[in-house]
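Asker: This structure is in structure tokens; I'll ask about it shortly.
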Amino acid sequence: MNTKIYFNDKVLEFIKQELQDSQNQSIRVYNEITDKKLKNIIEELLDENASSMNGKHYYIADKHFSFVIDFLKKSLYYIEAAGGLIKKENYFLFIYRLGKWDLPKGKLDKGETIEEAAIRECEEECGIKELKIEQQLSSTYHVYKYKSKFALKQTFWFYMTTNFNKQLKPQTEENIEEVKWFTKDEIEKIVFANSYFTIKNVIDEAFKERLI
């Protein structure tokens with residue numbers, strides 16, 4: 001399970017072991033959480049004007065994970081999305097959008113299952129077919145500006161395979177400039193150098209599961 005929630009360069013991370021207080025001003029540690037403490041944490045997390053809070057890392061005991069997620073769902077807009085890490089032979093598919101290497105993904109349509117949404121979004125964004133879901137990976141979470149407030153997006157990820165051999169087509173209306181296959185070594189050298197924390201989490205899990 002992925003137990004990190006990102007907002008820009010700030011992160012809430014939930015860990016199993018007993019937490020020790022840190023003298024580092026950019027790190028905060030919480031073994032116990034109350035409504036008031038959590039409200040303060042979220043206010044700090046969303047405060048873009050507090051320069052001293054940039055890069056802050058919050059460590060929270062993992063027993064509070066569901067409580068924090070439920071709190072965020074109630075406090076912010078909650079959006080569900082789905083996407084995939086696609087493998088063909090020894091290559092993995094990435095998209096280049098808004099200056100970053102990313103994985104294809106998108107919001108669920110009304111009435112869709114997460115599996116249906118993941119396949120549809122990958123097909124639409126990459127011009128690919130013949131996708132087969134092999135395994136569900138952990139969700140990722142990130143907070144971002146949405147309308148006049150903020151949203152919590154949970155993205156459901158799937159490991160997929162394909163034998164599709166036709167030319168790929170980036171969905172340019174979604175700001176996708178390129179769709180490209182990478183080897184494992186190229187992922188580590190190229191993608192990791194210019195991607196998002198959430199995408200790195202998905203790939204790290206795939207490494208651990210020996211899917212890559």
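The values are calculated or read from the model by the stated rules, or taken from the named source; none is laboratory data. This is a predicted model, so every value here is computed, not measured. Every residue, glycine as well, gets a Cβ built from its backbone with ideal geometry; the counts of neighbours run over all protein chains shown.
Asker: Give me a count of the residues in the range 115-141 that are crowded, with 19+ Cβ neighbours inside 10 Å and either under 18 Å from the mean Cα position of the chain (by Cα) or β-branched (Val, Ile, Thr) (or both).
Answerer: Matching residues across the range 115-141 total 11.
Asker: Which residue pairs have Cβ atoms closer than 9 Å, lie 6 or more positions apart in sequence or on different chains, and pair a first residue in the range 29-47 that is in contact (Cβ under 8 Å) with a residue 12 or more places away in the chain with a second residue that is of a type outside the set (A, V, I, L, M) and assigned to a loop (DSSP other than H, G, I, E, B)?
Answerer: VAL29/GLN20; VAL29/ASP21; VAL29/SER22; ASN31/GLU18; GLU44/LYS56; LEU45/LYS56
Asker: Taking the range 142-156, which residues are over 15 Å from LEU12 (Cα atoms) and crowded, with 17+ Cβ neighbours inside 10 Å?
Answerer: PHE150, THR155, PHE156
Asker: Next question. Tally time: how many residues in the range 68-108 are under 19 Å from the mean Cα position of the chain (by Cα), over 16 Å from SER195 (Cα atoms) and among the charged types (D, E, K, R)?
Answerer: Summing the residues that are under 19 Å from the mean Cα position of the chain (by Cα), over 16 Å from SER195 (Cα atoms) and among the charged types (D, E, K, R) in the range 68-108 gives 5.
Asker: Moving on to the next point. Counting only residues that are under 21 Å from GLU80 (Cβ atoms) and not in a helix (DSSP H, G or I), which one in the range 176-207 is modelled with the highest pLDDT?
Answerer: ILE176
Asker: Note down all Cβ pairs under 6 Å where the first residue falls in the range 136-156 and is touching a residue at least 40 places away in the same chain (Cβ under 8 Å) and assigned to a loop (DSSP other than H, G, I, E, B), the second is among the acidic types (Asp, Glu) and surrounded by fewer than 21 Cβ atoms within 10 Å (Cβ to Cβ), and they're at least six residues apart or on different chains.
Answerer: Close Cβ pairs satisfying both conditions: LEU137/GLU205; SER138/GLU205.
Asker: Then there is this: Can you say whether GLU115 is closer than 26 Å to PHE207 by Cα, outside any strand (DSSP E or B) and acidic (Asp, Glu), as far as the supplied structure shows?
Answerer: The answer is yes for GLU115.
Asker: Among the residues of the range 30-47, count how many are in a helix (DSSP H, G or I) and out of contact with any helix residue (DSSP H, G or I) (no Cβ under 7 Å at 6 or more places or on another chain).
Answerer: The number of residues fulfilling the criteria is 9.
Asker: Considering each of GLU13, GLU18 in turn, give the residue that is of a type in the set (Asp, Glu), at pLDDT 85 or above and not assigned by TED's automatic domain parsing to the domain that holds GLU186.
Answerer: GLU13
Asker: Take LYS169 and tell me if it is over 26 Å from ASN8 (Cα atoms), surrounded by 14 or more Cβ atoms within 10 Å (Cβ to Cβ) and touching a helix residue (DSSP H, G or I) at 6+ places or on another chain (Cβ under 9 Å).
Answerer: No: the conditions fail for LYS169.
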